[in-house]
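Student: Quick one: the structure is below, questions incoming.
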Amino acid sequence: MSDPRGGAENDDPVVPEKRELLEAFDGVVSREREKVLERRSLPVARRTHAAVIVVCVLSWGALAYTWLARPAWLFPPDPATRLTPSQRESRLRFGMYLERERVLDFWATHKRLPRSLEEVGDVEAGIDYAVRGDSTFVVSALVRDSVLTLDESQSADELLRPAGLKPSRAR
């Protein structure tokens, strides 16, 4: 039988080219399969994954320890807990003076006394406040088994002198 293009079927140059292309394609596909199989068989990936897990677990353990135990080498104690009794007394006396001045400033601005110290701003620890009338109040604190009081009419000099502090005079 003859080819319509003028030659015999077996003598056609197109058929060997197709075979060569198919063989080349098969070669590429088989090389890609081998690469995939090599990647799957690498034990390095497992070791790296295990190392990351170990590092994460150790990090979380260290974080949990510091969060719960709060070691002294990382979290120093509060300086207020290391005060001597006279330092604590000085701090309370000065805090009373500050609170009284805050209340007086509030009174001058709002024309009324605050219901509580929280209404005038930050509250110094250990200091109490009581309203005695429309325009009178007292700030007090417990110092060495005695109660110190400071009201709106008292001089702060009397309160602060034993503590070694003296308020500045307004000019």
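Student: Return the residues of the range 81-99 that are in a helix (DSSP H, G or I) and farther than 20 Å from V147 by Cβ; say none if nothing qualifies.
Tutor: Within the range 81-99, T81, R82 qualify.
Each row is one residue, and each column tells you yes or no for (1) out of contact with any Leu (no Cβ under 9 Å at 6 or more places or on another chain); (2) part of a strand (DSSP E or B); (3) under 23 Å from Q87 (Cα atoms).
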{"site": "E118", "(1), (2), (3)": "yes, no, no"}
{"site": "V123", "(1), (2), (3)": "no, no, yes"}
{"site": "D128", "(1), (2), (3)": "no, yes, yes"}
{"site": "S135", "(1), (2), (3)": "no, no, no"}
{"site": "A141", "(1), (2), (3)": "no, yes, yes"}
{"site": "V147", "(1), (2), (3)": "yes, yes, yes"}
{"site": "L150", "(1), (2), (3)": "no, yes, yes"}
{"site": "S153", "(1), (2), (3)": "yes, no, no"}
{"site": "D157", "(1), (2), (3)": "yes, no, yes"}
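Student: Further, regarding this structure: Given the criterion assigned to a helix (DSSP H, G or I) and over 35 Å from the mean Cα position of the chain (by Cα), identify the matching residue among A50, A108, A62.
Tutor: The conditions single out A108.
Student: In the range 117-138, which residues are loosely packed, with under 13 Cβ neighbours inside 10 Å, touching a strand residue (DSSP E or B) at 6+ places or on another chain (Cβ under 7 Å) and of a type in the set (S, T, Y)?
Tutor: Hit for the range 117-138 is T136, nothing else.
Student: A further question follows. Assess whether R102 counts as being among the basic types (K, R), in a helix (DSSP H, G or I), surrounded by 13 or more Cβ atoms within 10 Å (Cβ to Cβ) and touching a residue at least 24 places away in the same chain (Cβ under 8 Å).
Tutor: Here the answer is no, as R102 does not meet what is asked.
Student: Is there a residue being surrounded by fewer than 14 Cβ atoms within 10 Å (Cβ to Cβ) and of a type in the set (D, E, K, R) anywhere in the range 84-96?
Tutor: For the range 84-96, residues surrounded by fewer than 14 Cβ atoms within 10 Å (Cβ to Cβ) and of a type in the set (D, E, K, R): absent.
Student: Which pairs do you get when a residue that is closer than 14 Å to S90 by Cα and touching a residue at least 24 places away in the same chain (Cβ under 8 Å), found in the range 123-148, comes within reach of a residue that is acidic (D, E) and part of a strand (DSSP E or B), reach meaning Cβ atoms under 8 angstrom, with the pair 6+ apart or on two chains?
Tutor: The qualifying pairs are S140/D128; A141/D128.
Student: Just wondering, is there one or more residues in the range 86-98 that are in contact with a strand residue (DSSP E or B) (Cβ under 8 Å, 6 or more places away or on another chain), of a type in the set (S, T, Y) and within 24 Å of R161 (Cβ to Cβ)?
Tutor: Looking through the range 86-98, at least one residue is in contact with a strand residue (DSSP E or B) (Cβ under 8 Å, 6 or more places away or on another chain), of a type in the set (S, T, Y) and within 24 Å of R161 (Cβ to Cβ).
Student: Name the residues in the range 96-116 that are among the small types (G, A, S) and at pLDDT below 85, would you?
Tutor: S116
The values are calculated or read from the model by the stated rules, or taken from the named source; none is laboratory data. What you are looking at is a predicted structure, and each value in this text was computed from that prediction instead of being measured. Counting neighbours? That spans all protein chains shown, and the Cβs are built from the backbone with ideal geometry, glycine included.
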